[in-house]
């Protein structure tokens, strides 16, 4: 059975770090990362204007993968509903929907990480976009959890890195203490 995996979290939460340096599972499937595609479309010297084109390219590739019954992974802030709709459609096509969320205890952590990334030559995201997307991402995370066949949640609030805080398998949620405040809802979902 093919899988559609969404790796989500606000800008600066650590999605790319997880998929790039994480477990072997991420290395076995194509990871559709709009930021990497944007850089490839514009080249390292051009920092602007390609986000929309990259988003379209990711959707095009994702649609082709769904049509061909191929497993794939998408990185997203999940600040919109596009991938929630795609997850529902993928499930009707026989896909397993795997949801991975990387969260932090507050938007300021993410803003500082994006700033550090820019200082190292990485891509920028305007602060107002980060703040707006943070709340939307956190709200859509709950919807994605309810749709998911399997899920893994990570907290990445500290410099220690990604810490697994919850999993969902066969409809059952397991939490790993201590849960950060942003993920307290998982305790309620568990029951």
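Nothing in this text is a laboratory measurement; each read-out follows from the coordinates by a stated rule. Treat the numbers as computed from the prediction; the structure is a model and nothing was measured. Cβ placement follows ideal geometry from the backbone for every residue including glycine, while neighbour counts extend to all protein chains displayed.
Report the calculated FRET efficiency for residue 131 and residue 179 (r = Cβ-Cβ distance, R0 = 25 Å), to the nearest 0.05.
Numbers: r = 24 Å, r/R0 = 0.96.
Calculated value: 0.55.
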With the range 148-191 reduced to its Cα atoms and the Debye formula applied, log10 I(q)/I(0) at q = 0.13, 0.34 1/Å amounts to -0.26, -1.30
Taking 0.36 nm per residue of separation between residue 89 and residue 60 and subtracting their Cα-Cα distance, the length gained on full extension comes to 8.9 nm
Over the Cα atoms of the range 49-152 the radius of gyration and the largest Cα-Cα distance (Dmax), both in Å, equal 15.1, 44
Expressed in nanometres to one decimal, the distance between label points 7 Å along Cα→Cβ at residue 146 and residue 1 is 2.1
When 77, 96, 16 are arranged by how many other beta-carbons sit within 10 Å of their Cβ, fewest first, they go 96, 16, 77
